[in-house]
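Presented below is the structure to which this report refers.
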Amino acid sequence: MLDSLDAGLISPAQALRTRTELRAAWRRLPETDPDLPAELLPSDWDRPRAQQVFLQIYDRLGPLAELRFRQILATVSPELAELASHHDSTAIAELYASLGDRRAHGDTPFEQAARCPRPRQASARCALFRASRKRSTSAGRRPSTMRSSRPRAGSA
């Protein structure tokens, strides 16, 4: 792929398809990579090289994929097509870091229900979770477990 990119052999349509497939495949990696410290892995374990190659290909396909995405979007909404842009791996890392600590803390009804040792307890907690969501939704609010932790504009 890198050789094809260097030679200019990748079309915008190929770039969009390949970049999308590559990202989907990369998201499955945690299911197969044991994520052990390097000293516990075989000497020929190529995690660092895989990461490096993924980032190179993903980032280099970005501008071409964006071009094709804009072409497709322009057939429906030229105004939106002008706004479309891609993110490279650095921008994605910065966006992710700006979200802060997004790990589960066990304080939402869903997380509490998921930890229940017995199905009956989980069912009762899930019923409470569904009821709280229903109340929030019927009151015109987003459910509490889905509210953003970011401050609203104009709030202190």
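The values are calculated or read from the model by the stated rules, or taken from the named source; none is laboratory data. Values in this document were obtained by computation on a predicted structure and should not be read as measured data. All Cβ positions, even for glycine, are placed from backbone atoms using ideal geometry, and neighbour counts span all protein chains on display. Note: accessible area is taken over every heavy atom of the protein model, side chains too, but ligands, DNA and RNA are not part of it. Shrake-Rupley method; radii C 1.70, N 1.55, O 1.52, S 1.80 Å.
The accessible-area ordering, largest first, of the residues PHE54, PHE69 stands as PHE69, PHE54, per a 1.4 angstrom probe. Solvent-accessible area of THR90, all protein chains in place: 80 Å² (probe radius 1.4 Å, heavy atoms, ligands and nucleic acids excluded).
Measuring with a 1.4 angstrom probe and ignoring ligands and nucleic acids, GLU66 comes out at about 40 Å² accessible. For ASP6, the accessible surface of its heavy atoms amounts to roughly 110 Å² (probe 1.4 Å, protein chains only, rounded to the nearest 10). With the Cα gyration tensor of the stretch 5-46 giving a ≥ b ≥ c as the square roots of its eigenvalues, does the rule (a/c under 1.5 for rounded; else a/b larger than b/c for prolate; else oblate) give rounded, prolate or oblate? It comes out oblate by the Cα gyration axes.
Could you pull out which residues in the stretch 1-37 have an amide N less than 17 Å from a spot 7 Å beyond the Cα of GLN51, following the Cα-Cβ vector? Within reach of a label on GLN51, which here means backbone N under 17 Å from a point 7 Å along Cα→Cβ, the stretch 1-37 contributes 26-37.
All other residues whose Cβ lies under 14 angstrom from that of PHE69 are scored, Lys and Arg at +1 and Asp and Glu at -1, for a net of +3.
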